[in-house]
1. Working carefully through the options 437, 365, find the one that is in a loop (DSSP other than H, G, I, E, B) and within 30 Å of residue 234 (Cα to Cα).
2. Can you go through 241, 254, 246, 259 and tell me which one is within 21 Å of residue 393 (Cα to Cα), assigned to a helix (DSSP H, G or I) and either at pLDDT 90 or above or touching a strand residue (DSSP E or B) at 6+ places or on another chain (Cβ under 6 Å) (or both)?
3. In segment 144-162, is there at least one residue being surrounded by 22 or more Cβ atoms within 10 Å (Cβ to Cβ), at pLDDT below 90 and either at positive phi or outside any helix (DSSP H, G or I) (or both)?
4. With respect to residue 445, determine if the residue is within 23 Å of residue 244 (Cα to Cα) and modelled with pLDDT under 90.
5. With the condition being at pLDDT 80 or above, I'd like the helices (runs of 4 or more DSSP H) fully within segment 1-117 carrying at least 2 qualifying residues.
6. Of all residues in segment 440-454, how many are part of a helix (DSSP H, G or I) and either closer than 26 Å to residue 249 by Cα or touching a residue at least 12 places away in the same chain (Cβ under 8 Å) (or both)?
7. Consider residue 375 against the criteria (1) modelled with pLDDT of 80 or more; (2) surrounded by 19 or more Cβ atoms within 10 Å (Cβ to Cβ): it satisfies all of them except one. Which criterion is unmet?
8. Quick one: would you say residue 198 is within 21 Å of the chain's Cα centre (by Cα) and either over 21 Å from residue 50 (Cα atoms) or not in a helix (DSSP H, G or I) (or both)?
């Protein structure tokens, strides 16, 4: 019989665990949607240089993600192997985030470029120090098959809330930039100070209130490359990595292309933040709906259905090319974004829960706990998928003859809608098909959990 005591985890505990994700959601999205514009339009750094900096950061992620995961798994400090890393992340996150958005004024362009480059690389490294151990800790807080969905669901709500708040800041920055650009730096700096302070407090609160389970400590851990090899050799993990990578490449369109769709297809660039809100708010609000539904239908089966919903929602955008009325276009994109956001809420809740189950399967087979290595692998997949979408968008638009801030040709518009609609649809169809081959269900998991609990007693 499964040890129910180990599975007890209150909603309050889920709240404490998930709350630091507010800062992560805010910072990640603002970095994605505003840093490029801030660096090119305000700091006057060449766009190609900024793009190169972000490309280098993704290459560096391939190195530091597994390294942080490995070191987190291996840590044997008194505070705990996960909470210690959460605590260590506070200072570098604060320093490098402020570096990015508050560069010192200096006459040398090269100095400014180096400053921003260090800030961006340092920020993403610091966030890895927080995110990978934080996700790993979530997998260890409960061994209950369905309770994990609640834990990661609450985390997703907080993460999405932070992302929504960043859109508000984004709107404020754009407004200040248009009305009084001289005060923009001060406005951004004040916002950054508040975000850094709140994020630090929430991480400290989480470290103080949460307790790690002793049974996951003091186990032999392989080096990061051997651990990554184990991740890939795990058939459940390998299937999930391939499926989620394909699906995330497609769904990255919402972040990468929405501003282009708003400006060149809909004709209202100022509506871009609203379209993203239409995606994010349902994603967060739908979590309480997905958790009980996953118990009835099964986590993976529900995930498959939500992925299909996401694909159909994105695919419907192709019909924008047939619509002339701007108002109808705004309504059409808004409704489509709502349904895509609903689907995202399921994947963001159920996905990490299934990943945690796979980690238990790995322990069942190898006798080792490697949460850090597993979540590092998935963290890199999420980052890499966005990078692939950015690269694909750049090459496709260049090939189609895209010219910024001008009326686009039919060919360019068709390429934009293909990338925003048909490509995500294909990705979601392939990803959902692959997920139907996933065999680690609740029945098999209970057998695994019983065996692990027997070993621990």
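The values are calculated or read from the model by the stated rules, or taken from the named source; none is laboratory data. The structure displayed is predicted, hence computed values, not measured ones. As a convention, Cβ positions derive from the backbone with ideal geometry for all residues, glycine included, and neighbour counts pool all protein chains shown.
1. When all the criteria are applied, what remains is 437.
2. On the way: 241 fails: within 21 Å of residue 393 (Cα to Cα); 254 fails: either at pLDDT 90 or above or touching a strand residue (DSSP E or B) at 6+ places or on another chain (Cβ under 6 Å) (or both); 259 fails: either at pLDDT 90 or above or touching a strand residue (DSSP E or B) at 6+ places or on another chain (Cβ under 6 Å) (or both).
So the residue among 241, 254, 246, 259 that is within 21 Å of residue 393 (Cα to Cα), assigned to a helix (DSSP H, G or I) and either at pLDDT 90 or above or touching a strand residue (DSSP E or B) at 6+ places or on another chain (Cβ under 6 Å) (or both) is 246.
3. yes
4. On the way: within 23 Å of residue 244 (Cα to Cα): yes; modelled with pLDDT under 90: yes.
Against the criterion (within 23 Å of residue 244 (Cα to Cα) and modelled with pLDDT under 90), residue 445 qualifies.
5. Values: elements: 4-7, 11-18, 21-37, 47-74, 83-101.
Passing ranges, in order: 11-18, 21-37, 47-74, 83-101.
6. Final tally of qualifying residues: 9.
7. Residue 375 satisfies all of (1) modelled with pLDDT of 80 or more; (2) surrounded by 19 or more Cβ atoms within 10 Å (Cβ to Cβ) except (1).
8. Details: within 21 Å of the chain's Cα centre (by Cα): yes; either over 21 Å from residue 50 (Cα atoms) or not in a helix (DSSP H, G or I) (or both): yes.
Yes.
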